[in-house]
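Visitor: Structure provided below as structure tokens; questions to follow.
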Amino acid sequence: MQAVSTVYPAGVEQWAAERAGDLDPVPFRAVADRQTGIYDCVSDCSRAEVSGAVKATCGNCAKRRAWDAEGESPESKSGEETALPCREPCSFLVAAAREFHRHEGDASDDESSGEASTDDRPTESDPSVPRGDLTDPANVYRVRYRRARDGQTERPEP
Ligand code: SF4
């Protein structure tokens, strides 16, 4: 139990709250609207961008998304009885949404990017790029985002 709490702070408490019907999930838009400073632009994310960000980041997370993501229903995973619920968008999801918004845009807004056309970007992630380096177009999450945005099927990542 202590190990779980160390890796997932408040995870056990939120799991218990969900079972008691008291989880009170926080939707993406509420978290986005309270961002300030460099994260202020997260509130400008379109529904398509939110959807892509959720697929790119939450899709491979051990936690189960319990919050509303702009029309994306809360997630149901096998083993739902034991999977830890995610009560609200985490700081990594927010940071990723910012980078996707600034550098990738959504399917109808490629001009928002200051980079080369998405056609010129790598279709495979580069394992030498740190997973946390969201500024690199070959970052695994950036590649997942483009695939999600383009409606491509998820492929195994290195
Ligand atoms: S918001 Fe973060 S912790 Fe929650 S499911 Fe997504 S990636 Fe996991």
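For (1) at pLDDT below 85; (2) farther than 22 Å from residue 36 by Cβ, each residue gets a yes or a no:
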{"site": "100", "(1), (2)": "no, no"}
{"site": "115", "(1), (2)": "yes, yes"}
{"site": "131", "(1), (2)": "no, yes"}
{"site": "143", "(1), (2)": "no, yes"}
{"site": "154", "(1), (2)": "yes, yes"}
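Visitor: For the stretch 33-46, state whether one or more residues are at pLDDT 90 or above and surrounded by 19 or more Cβ atoms within 10 Å (Cβ to Cβ).
Guide: Within the stretch 33-46 (the criterion being at pLDDT 90 or above and surrounded by 19 or more Cβ atoms within 10 Å (Cβ to Cβ)), the answer is yes, since at least one residue qualifies.
The values are calculated or read from the model by the stated rules, or taken from the named source; none is laboratory data. This one's a predicted model, so the numbers in the text were calculated from it and none came from an experiment. Glycine also receives a Cβ, built like all others from the backbone with ideal geometry; neighbour counts cover every protein chain displayed.
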